[in-house]
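The values are calculated or read from the model by the stated rules, or taken from the named source; none is laboratory data. Fair warning: this is a prediction, and the values are worked out from it, not measured in the lab. Because the Cβ atoms are built from the backbone with ideal geometry, glycine has one as well, and the counts that use them run over all protein chains shown.
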Amino acid sequence: MPVVVSFVGQKGGVGKSTLARAFAAIAARGKLKVKLADLDVNQQTSVRWARTRSARGNGYPVEAEAYTTFEDVLANIKGFDLIIVDTPGHASPVTLEIARSSQVVILPTGASTDDLYPTVLLLYELEQMGIPKERLVVALCRLLEQREEHAARKYIETAGYEALVGSIPERSGYRSAHNLGQSITETSDQTLNRRARTLMESLLEKVMSQLQGSNTFQKREGNGSVA
């Protein structure tokens, strides 16, 4: 069975697709057979990005496909090492189903209370529904300044949950990279790439910590560097 890593949240525009695409690109570079499952069939952000990436010949290609239901995703996992689930911009009963099938669940969030409060609420709801807390982790995205990261991290940790090391700032360079089918670790600005790699390395470590018994990842661990 492949490893399932999902990106979920209570609202859109907080970085789910951004992080899902970056993690898929890293996994592909690490020689994993990865499927990026886009559950937002109306927008298909990840699917369109993957098509652009393939057409422009950017780095390692990522296989992305839109799905109407999570059951459809699970019916098409044969032959893959890793399934990355990019969910729609809202939580629903399906969110719990996805979380139950995931080894790691990432909740991207901005730094405002409008973003942080529903993120913590969803974390609490998932935990109350039986998702182990160690599978849940927050990623701080779309930040404008360093002090926002400190305040947001304190908010998450005070609530009793984990936030990945690092953060993704709000920068036009990331948007430009996406327009070209690149990920946030593949921009033309090495400073932005380093910022993104810090968070991606933390995410990779989180996934690895949950998969110590997985032969798939143990065999490929040496290939999974964030570059």
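Is there a residue in region 139-149 that is over 29 Å from Asn193 (Cβ atoms), basic (Lys, Arg) and without any contact (Cβ under 8 Å) to a residue 12 or more places away in the chain? Within region 139-149 (the criterion being over 29 Å from Asn193 (Cβ atoms), basic (Lys, Arg) and without any contact (Cβ under 8 Å) to a residue 12 or more places away in the chain), the answer is no, since none of the residues qualifies. State all residues of region 147-203 that are of a type in the set (D, E, K, R) and assigned to a loop (DSSP other than H, G, I, E, B); if no residue qualifies, say none. Selection gives Glu162, Glu170, Arg171, Glu186, Asp189. Of everything in region 192-227, what is over 14 Å from Leu32 (Cα atoms) and at pLDDT below 50? Give them in sequence order. Answer for region 192-227, where residues must be over 14 Å from Leu32 (Cα atoms) and at pLDDT below 50: just Gly213. Test Glu201 against the criterion of being in contact with a strand residue (DSSP E or B) (Cβ under 7 Å, 6 or more places away or on another chain) and surrounded by fewer than 22 Cβ atoms within 10 Å (Cβ to Cβ), and give yes or no. When the stated conditions are applied, Glu201 does not pass them. Gly130 fails exactly one of the following numbered conditions: (1) touching a helix residue (DSSP H, G or I) at 6+ places or on another chain (Cβ under 8 Å); (2) outside any helix (DSSP H, G or I); (3) under 26 Å from Trp49 (Cα atoms). What is the number of that condition? Against the list (1) touching a helix residue (DSSP H, G or I) at 6+ places or on another chain (Cβ under 8 Å); (2) outside any helix (DSSP H, G or I); (3) under 26 Å from Trp49 (Cα atoms), Gly130 comes up short only on (3).
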